[in-house]
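Okay, so here's the structure we're looking at.
The values are calculated or read from the model by the stated rules, or taken from the named source; none is laboratory data. Just so we're clear, the structure is a prediction, and the values are computed from it rather than from any experiment. Quick reminder, even Gly has a Cβ in these numbers, built from the backbone with ideal geometry, and neighbours come from all protein chains shown. Only protein heavy atoms, including side chains, enter the accessible area calculation; ligands, DNA and RNA are left aside. Shrake-Rupley method; radii C 1.70, N 1.55, O 1.52, S 1.80 Å.
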Amino acid sequence: MLTTPEEFSQLIDQYKNIAIDGVEVACVRPQDETEQEKHYSGKKRHTLKSLVISDFNRRILFLCCIVAGSVHDYTLMKDVFTPGSAWFEKVNLWLDLGFLGVDKDYQSTQIYLPHKKPRKSKKNPNPTLTPEPKKQNRKQAAARVIVEHAIGGMKFFHCLMHRIRNHLDYFVDHFF
């Protein structure tokens with residue numbers, strides 16, 4: 001586990017661009033009701049979640065602790081990388097919409113977040129993005145897809161693709 005921004009800086013020193021994304025893996029439904037609530041991801045299954053930090057060569061640089069699936073990606077990021085510290089000041093950080101608000105909590109040279117579509121309202125019944133933000137979103141998605149491929153590479157061995165049936169915590173860590 002990384003404890004200081006300096007340790008993290010040493011890990012990612014030679015990389016200019018990094019991308020962070022959450023990865024979910026299905027697990028067996030826990031018997032205890034409170035554990036069931038914690039592991040229920042809202043996607044009709046019980047899951048475990050982890051954060052993956054990857055470079056643009058599909059290399060996974062860091063995989064953080066495994067938590068229950070109900071924890072949001074950005075909440076997990078704030079737990080691992082304390083806001084207000086200089087974690088990402090030397091890199092360009094590529095994120096998806098699961099990390100909205102990161103630009104307020106973390107100072108970085110550049111944080112790339114896609115544009116969010118406006119909400120539907122009485123004044124705006126058919127909300128859409130204008131062509132310029134759509135174009136920027138496509139460019140960012142083309143760059144970020146590499147992280148998705150890195151996560152897909154993790155799941156290539158099928159032990160993370162199928163439901164984890166083992167209940168031993170240390171064994172689940174070894175899977176990841």
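For Asp55, what is the net charge nearby, where nearby means another residue's Cβ is under 13 Å from its Cβ and Lys, Arg count +1, Asp, Glu -1?
So the surrounding residues net to +2.
Find how much the distance from Arg138 to Glu33 grows on full extension, using 0.36 nm per residue of separation minus their present alpha carbon separation; answer in nm with one decimal.
Once the chain is fully extended between Arg138 and Glu33, it gains 33.6 nm.
Electrostatic tally near Lys116: other residues with Cβ closer than 13 Å to its Cβ, Lys and Arg +1, Asp and Glu -1, net +2. Around the amide H of Cys27, modelled in the peptide plane, lie the amide H atoms of His46, Thr47, Leu48, Ile164, all under 5 Å away and 5 or more residues distant in sequence or on another chain. Note on Val145/Lys120: beta-carbon distance plugged into 1/(1 + (r/R0)^6) with R0 of 25 Å gives a FRET efficiency of 0.35. Counting only protein heavy atoms, what percent of the accessible surface of the stretch 1-156 is carbon or sulfur at a 1.4 Å probe? Whole-percent figure for carbon plus sulfur exposure: 50.
Computed from the Cβ-Cβ distance with R0 of 22 Å, the FRET efficiency linking Gln10 to Asp105 stands at 0.45. Neighbours of Gln14 by Cβ distance under 14 Å: Lys/Arg scored +1, Asp/Glu scored -1, total +1. Projecting the Cα atoms of Pro131, Val52, Phe8 onto the dipole axis of the stretch 1-157, where Lys and Arg carry +1 and Asp and Glu carry -1 at the beta carbon, places Pro131 farthest toward the positive end.
The value of relative contact order for the stretch 22-111, using C-alpha pairs under 8 Å at least six residues apart, is 22 percent.
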